[in-house]
Amino acid sequence: MAFPIPNLGISGILFELLFNILFWGVFFFIFSMFAVQIYRSYKEKTINDRAEVSKAYSTVIGKRTYVRNLTTYYVTFESDNDDRREFQVSGDEYGLLAENDYGLLTYQGTRFVSFERM
C-alpha cells in the first residue's frame, strides 16, 4: 500500500526547501570546522617533526592554565638573549616548574621537549 504524497502548496514547498538548505548548510559548516581543525593539527605536527631540536639556557618567567572541559598548562620561558617562548606542557611538568627556575630548555619547533634545571 502506497502512502499518498500530501499537497503542500507553494508555502509548504518553500518551507521544505529552506529547511533542507539550512539543515545541510549547518551540517557542512560543522563538518568543515572539524576538518579544518584536524588539518591545522596535522600541519603543526608535521612542521614540528621536521624542525631541528633546539636548546637554549632559559628562565621560567610565567605559568598559566586554560580550563574548559580539560585543563591545558602553559609555561613561558625567556632565554639568555631575551627571546620569549610559550609552550604547552603536561600537568606533571607544570607542577615541577617554578617561576625563576633557570636551566636548559629543549624544544622542537613549537613543541616542548624538556627542561633541565641548573
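Yes/no per residue for (1) touching a Phe, Trp or Tyr at 6+ places or on another chain (Cβ under 8 Å); (2) at pLDDT 95 or above; (3) under 15 Å from residue 117 (Cβ atoms); (4) not β-branched (Val, Ile, Thr):
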site: 51; (1), (2), (3), (4): no, yes, no, yes
site: 65; (1), (2), (3), (4): yes, yes, no, no
site: 82; (1), (2), (3), (4): no, no, no, yes
site: 86; (1), (2), (3), (4): yes, yes, no, yes
site: 93; (1), (2), (3), (4): yes, yes, yes, yes
site: 100; (1), (2), (3), (4): no, yes, yes, yes
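Given the criteria crowded, with 16+ Cβ neighbours inside 10 Å, not in a loop (DSSP other than H, G, I, E, B) and not small (Gly, Ala, Ser), does residue 64 qualify?
Against the criterion (crowded, with 16+ Cβ neighbours inside 10 Å, not in a loop (DSSP other than H, G, I, E, B) and not small (Gly, Ala, Ser)), residue 64 does not qualify.
Filter the stretch 49-61 down to the residues that are out of contact with any Ser or Thr (no Cβ under 7 Å at 6 or more places or on another chain) and in a strand (DSSP E or B) and list them by number. Quick ask: steps written out before the conclusion?
Here is the first cut: in the stretch 49-61, the residues out of contact with any Ser or Thr (no Cβ under 7 Å at 6 or more places or on another chain) are 49-52, 54, 59-60.
Selection gives 54, 59, 60.
Residue check: is residue 46 in a strand (DSSP E or B), within 25 Å of the chain's Cα centre (by Cα) and either modelled with pLDDT of 95 or more or of a type in the set (A, V, I, L, M) (or both)? Show your work before the answer.
Working: in a strand (DSSP E or B): no; within 25 Å of the chain's Cα centre (by Cα): yes; either modelled with pLDDT of 95 or more or of a type in the set (A, V, I, L, M) (or both): yes.
Spelling it out, it is not the case that residue 46 is in a strand (DSSP E or B), within 25 Å of the chain's Cα centre (by Cα) and either modelled with pLDDT of 95 or more or of a type in the set (A, V, I, L, M) (or both).
Only residues that are loosely packed, with under 12 Cβ neighbours inside 10 Å and assigned to a loop (DSSP other than H, G, I, E, B): list them for the stretch 68-110, please.
68, 69, 70, 80, 81, 82, 83, 90, 98, 99, 100
The values are calculated or read from the model by the stated rules, or taken from the named source; none is laboratory data. Quantities reported herein were computed from a predicted structural model and do not represent experimental measurements. A quick note on method: Cβ atoms are made from the backbone with ideal geometry, for glycine too, and the neighbour counts reach across all protein chains shown.
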